[in-house]
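A quick write-up on the structure given underneath.
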Amino acid sequence: MTHGCFLSNDPAANILKPAQVSVQSARDGRSGNVQRACVRAAASGWCVRLPVAVLTLLISLAPARAEEGAPAAAAPQPSASNTSSLEEIIVVARRREERAQDTPLAVSVRSGEQLREANAVLLEDIDRDIPNVRMVSSPQSVSALDVTIRGQTVNRSAIVFDPAVGLYVDGVYVANGQGAMMTLLDIDSVEVLRGSQGTLFGRNNTGGSILLLTHRPELQQFSGELAASGGNYGEFMDRAIVNLPIGSDAAVRLAFQGDSRQGFGSSVSSGQENFQNQHRYQARFGALWKPGESTELYFTYERFEANEVGALLHPLSGPAPGTLVAQIGTLFAQFPIPGLPTVSFPSDPYQTDGNFHAFDDAKTDSLQLTAVQKLGGDLALKLILGYRHLDASTALDVDATTLPLADTTLYNTSNQKSAEWQINDKAFDQRLDWVAGLYWFRDNGGSPSVQSPASPEFLSALEQLNMATGGAVDLTPLFPPLPVYDQNWVTNSSYAGYLHGEYQLTSDWAVAAGARHTNDRRELKENAYVDIPGFGQNCTFLDTSLPPPYQINGPCPPIDKVAKFSYWSWEFTTRYRLTPELNTYLRVGRSQRSGGWNSPLATVQDQPFRPEQLTDGELGLKADLLGGALAINADVFYGKYDDMQRLLARLNADGTPVTLITNAAQARIGGAELEALWRATSRLSLLTSLGWTDARYETFLYQPIPGAPAQDLSNNEFYQTPRLQGDIGGSYQVPLEAGDLLLRADYMWQDKIEFNVINDFNYQRAYGTANARIAFASHSRSWELAVFANNFTDKRYAYTGGTLGAPGSPSPTIAWQIPGPRRTAGVEGTWRWAAAK
């Protein structure tokens, strides 16, 4: 749980004076007690909404210091005489409650109120002003999330891959990113941790971690919120939140949000419309029972559902002579044979030529239980249980044209279970603060797919084309005459133990160390075949134990592959307070990402990809200047990767598009980050963030075909990683007699982005987008009316793309990009009420 950067709603001083403030107790990352990121005006009882001035970087913005020897959680109130100072933030990034200013790692925080003020609806919306962080919806599914932190990109959503960036909801790890593009419904805070996180969290994360904390029920408080918004493209959002007390020691909280919007694109060939639309809802039931100061139970059930058309893949023809798809289209135009389609490449980036009917559906059901028991003093036990069931299906025309080349339906199932025991305590006159835990995880499910066949009419036309060219052109091997089925069942299991502690050497100097040992087991059962009428199944895998061409005639042999991995992760940090205004820290650590199996397999003899290992270091400075009105936080980092996992997309010999993990032997990554917030006056706030990433492969050999020469990819840039990115924004508050006028605007810019591991013509040049919001609210924030515009300059850009080729092909076969959202604008109204029981 966190504090936000609390700025005032007082129209005179524009700061909440100490006599007016009471801060609710809600939760501790350690023992169940931490101050909630919600300031309440004692006179009115209303939950005061954080002003739009705080679309902030929210990292370590603590203006005032605790007294020497005071606990880190003792949060000083802002001085009434200093109306331009910032409030502090409390984080649980290290599984203990502490001020962000004292946390020796790069962590950025957003409160739920700040996210709503910034029009953040989906999880990807939180990345605008966080340096070296990029979040976009996955091309596999718009309800899935792709995250890049410091050059490390999360893998596309599938049960066979571990993400580089871990997502945790109330401490429960979300293993599969499908369906992770949830709405930010009733979120209390989001913490984004950059750099390796191998010690304290449920899974090793080499890129970083994202911690979502939901808003817990409030005891003895009847309150609620109703909100709705509407705008262009038929945008409509409705939200309802109700908090109900049950006696004096229990409460429940019900929250619902629906989001719908028409899409931005259509298909010129099939006429299908509404690509990249939104139609999703999320509902959560939370129950809190606190029978005494020593015991706390928190339970949630959450349902998420999305039923949408899916991503719009805009086809690219590529440079001369063009992609294979473009060359086939040119050939078809020269031979007007009935049955051969016209292949086009629309100039409008919001159009596709694909004619395979697209859809994108995802459903998740999640249950979570956190139990805390204090045993006296600072000793506390915590149990975190989690369960998540996923069903998802997506239909994609991967070639983005009328050709029946890669018309694929993907399925994704996951049954995730996890349990974690934690114990926290302090010793040696509270100089040593430590946490230890045991972790167990299991996920079983599958990611099968079906490759649709070419029609008999199309195959007959190809035969005519073959005869018309005198046998010089035979394209029939590219287009499967029968559906290709890939079936698999995956079981991932892991267990680990960890210990982490920090010792306060002096009042200004502390050192910390941690270690974690992890054991992973990956099992894959696989079958891929075509079903030939009258003959039965014929395996599409190759078997290199056979003579060339290694073809299996008949069903696939039973394939049940198991891989086990075991490794240590560790971390060492030291922090030193140079002056009351300046904190410095040094962190070094090592984390791993588990190895596993690619699916579908290429050959029966395929070997697992290896675990990835990152050893990195970070030197940081956290400063409060100008009497607490200016917060500056900066860091430099450097890391070395061994067996770095990279995701490659290609076409199998049967025409099935696949993504597979390959290991780049060695890579290095360095860079710098800066975040700053200046409370220039009591009404005006300015913020900025800047990230620089310098990433290089040192050794990267890729062998597309077993036995073929390897390609040297070491000169390629990291994909999905802009070298520079930055944000600048400001807000201004105008107190009026009837309420407060809140003005806010920001501009985000990022450098060139490569879309493929093997760099080519498919990339996005540098671009920037701007947002704005104007709101009028009551002084107590019981009601608010706002108008907003996202990407209000209607900037055209692609947020991701892909290029696929068949192994050994001199030209790429398929290339496409997915355009970013158009300008959206609308009006939102919010009404809140609260009453003590």
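Remind me, what semi-axes does region 622-780 give for its equivalent ellipsoid, largest first in whole Å, using sqrt of 5 times each Cα gyration tensor eigenvalue?
Semi-axes (√(5λ), whole Å): 46, 20, 11.
Net charge near residue 522, counting Lys/Arg +1 and Asp/Glu -1 over other residues with Cβ under 11 Å of its Cβ? Before the final figure, lay out each step's value.
Details: positive: 521, 561, 564; negative: 162, 443, 520, 523.
In short, -1.
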So which GluC sites (Glu not before Pro) in region 248-307 pass both tests, a DSSP loop state and at most 13 other Cβ atoms within 10 Å of the Cβ? 293
Solvent-accessible area, 1.4 Å probe, carbon plus sulfur percent, for the chain: 60 percent
May I ask which of 525/752; 363/525; 426/564; 640/752; 417/564 have a Cα-Cα span longer than 31 Å here? 525/752; 426/564
Would you mind computing the Rg to Rh ratio of region 546-702 from its alpha-carbon coordinates, Kirkwood style for Rh? 1.20
Protection proxy (average C-beta count within 10 Å per residue), highest first, orders 338-349, 314-325 as 314-325, 338-349
Where Lys and Arg each count +1 and Asp and Glu each count -1, what net charge lies around residue 673 among other residues with Cβ under 10 Å from its Cβ? -1
Taking Cα centroids, how far is region 303-338 from region 421-453 in Å? 42 Å
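Mind jotting down a quarter of the surface of the convex hull over the alpha carbons of region 567-640, in square nanometres, one decimal?
7.6 nm²
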Using alpha carbon centroids, what distance separates region 650-690 and region 181-205, in Å? 15 Å
Label residue 796 and residue 334 with points 7 Å out from Cα along Cα→Cβ: what is the distance between them in nm? 3.1 nm
Would you mind checking the tilt of helix 324-334 against the longest principal axis of the Cα atoms of the chain, expressed as 0 to 90 degrees and rounded to 10? 50 degrees
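In deg cm²/dmol, rounded to 500, what helix-only [θ] at 222 nm does the chain give when every DSSP H run of at least 4 residues adds -39500 (n - 2.57) and the total is split over its residues?
Values: 3 runs with 30 residues, N = 837.
-1000 deg cm²/dmol, from helical runs alone.
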Within region 658-767, list the trypsin sites (Lys or Arg not before Pro) lying in a DSSP loop whose Cβ has at most 13 other Cβ atoms in a 10 Å radius. 765
Isotropic mean projected area of the C-alpha convex hull, region 703-775 (nm²): 7.1 nm²
Cα-Cα pairs in the chain separated by more than 45 Å, as a whole percent of all pairs, come to 25 percent
Could you tell me the ratio Rg/Rh of region 737-800? Both radii from Cα atoms, Rh via Kirkwood. 1.26
Treating the angle as unsigned and between 0 and 90°, give the value, to the nearest 10°, between the Cα long axis of helix 456-468 and the longest Cα principal axis of the chain. 50 degrees
Where only C-alpha atoms are counted, convex hull volume of region 375-473 per residue in Å³: 173 Å³
Based on the mean of other Cβ atoms within 10 Å per residue, sort peptides 642-649, 528-535 so the most packed one is first. 642-649, 528-535
Alpha-carbon centroids, region 533-579 and region 466-497: separation in whole Å: 17 Å
With bins 5 Å wide starting at 0, give me the P(r) of region 490-596 over every alpha carbon pair, in whole percents. 2, 10, 13, 10, 10, 8, 8, 7, 7, 6, 5, 5, 4, 3, 2, 1, 0
Given labels modelled 7 Å from the Cα in the Cβ direction, how far is it in nm from residue 517 to residue 809? 4.8 nm
Within-10-Å neighbourhood charge of residue 397 [Cβ basis; K, R +1; D, E -1]: -3
Debye equation applied to the C-alpha atoms of region 445-506, log10 I(q)/I(0) at 0.13 Å⁻¹: -0.61
Which chymotrypsin sites (Phe, Trp or Tyr not before Pro) from region 414-445 combine a DSSP loop assignment with at most 11 other Cβ atoms within 10 Å? 428
In region 582-597, whose amide N lies under 16 Å from the spot 7 Å out along Cα-to-Cβ of residue 619? List them in ranges. 583-589
I'd like to check one number: the per residue accessible area of region 303-387, probe 1.4 Å, reported in Å² as a whole number. 41 Å²
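The values are calculated or read from the model by the stated rules, or taken from the named source; none is laboratory data. All of these numbers come straight from a predicted model, not from anything done at the bench. Ideal geometry is used to build each Cβ from the backbone, glycine not excepted, and the neighbour counts take in all protein chains shown. Only protein heavy atoms, including side chains, enter the accessible area calculation; ligands, DNA and RNA are left aside. Shrake-Rupley method; radii C 1.70, N 1.55, O 1.52, S 1.80 Å.
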